[in-house]
1. With every protein chain left in place, what is the accessible area per residue of the range 1-153 in square angstrom, probe 1.4 Å?
2. Considering the Cα positions of the range 16-90, please state its Rg to one decimal place and its Dmax as a whole number of Å.
3. With no solvent and one point on each alpha carbon, what is the Debye value of log10 I(q)/I(0) for the chain at q = 0.07, 0.12, 0.15 Å⁻¹?
4. List every DSSP H helix in the chain whose Cα atoms extend 15 Å or more along the helix's own long axis and whose mean Kyte-Doolittle hydropathy is at least 1.0.
5. For an R0 of 35 angstrom, estimate the FRET efficiency from the Cβ-Cβ distance between Leu195 and Leu149 and round to the nearest 0.05.
6. For a quick check, take a GNM of the chain with Cα springs below 10 Å and name the residue from Gly91, Gly43, Gly102 with the largest mean-square fluctuation.
7. With N residues in the range 129-216, what two-decimal value do you get for its Cα radius of gyration over 2.2 N^0.38 Å?
8. If DNA, RNA and ligands are ignored and the probe is 1.4 Å, what is the ranking of Lys158, Lys150 by accessible area, most exposed first?
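The values are calculated or read from the model by the stated rules, or taken from the named source; none is laboratory data. The structure presented is a predicted model; accordingly, all values stated were derived computationally and were not measured. FYI the Cβ positions are ideal-geometry reconstructions off the backbone, even for glycines, and counts take in every protein chain you see. The protein model used for the area step is the full one, side chains on, heavy atoms only, and it has no ligands, DNA or RNA in it. Shrake-Rupley method; radii C 1.70, N 1.55, O 1.52, S 1.80 Å.
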Amino acid sequence: GLGPAFIDPALAFLSARGGEVRFGTRLRALQFSGDRVSALDLGEETIALGAGDSIIFAAPAWSALELIPGISAPTEHCAIFNAHFAVPPPGGMPLLTGVVGGMTEWLFAFPDRLSVTISAADAFIEAAPDDIGQRIWREIAGIAGIDALKAPPMRIVKEKRATFAATPAQDALRPQAQTRWRNLHLAGDWTQTGLPATIEGAIRSGERAAELAARR
């Protein structure tokens, strides 16, 4: 998963440099004073910001619309499904298989399981997970050369708002990293990165926001 690749190293990096990561803490509001963010409202606690402090806002687009006055951000989103099947792949199977003309788009062969990713999956969002799982299993069993009648334990993960809708209208709503508040910078694949809603775009946005914060 993405934890070992991105999250765990980031947490270790921050911890080694005295950074604090809080889980289960929700940002309730940003407090503004003139051309800067002056405080973070966390509900039971308010954190005042000094003159040299910067904020990199890396929450989803809908949170930005809720918390940042007058901001422009995508309002339409698309779903992504992931399906995991507890069966080892056959020997010699490629680590990644692209599927054309099927429900499955990408088939990953992990040592202990087969996993599937389906982008733009809005057409299946209301379908029962068991029905979706059985349909996907029959498809990938044929690809992998496995008996489709022996369905393994499976898990379907639906993310209804996984990406912003990649349309010209929605792309026009994507904001730049810099905001009209001098100490508030935006990060996320939904900002203007020059790329679609991808991990590469998210990383590019974070680098840009960090660059702007470092200049201060």
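1. Using a 1.4 Å probe on heavy atoms only, each residue of the range 1-153 averages 59 Å².
2. 18.2, 62
3. The calculated log intensity ratios at q = 0.07, 0.12, 0.15 Å⁻¹ are -0.30, -0.79, -1.06.
4. Long hydrophobic helices here: none detected.
5. 0.25
6. With Cα springs under 10 Å in the chain, the top fluctuation among Gly91, Gly43, Gly102 is at Gly91.
7. Rg over 2.2 N^0.38 Å, computed on Cα atoms: 1.67.
8. Lys150, Lys158
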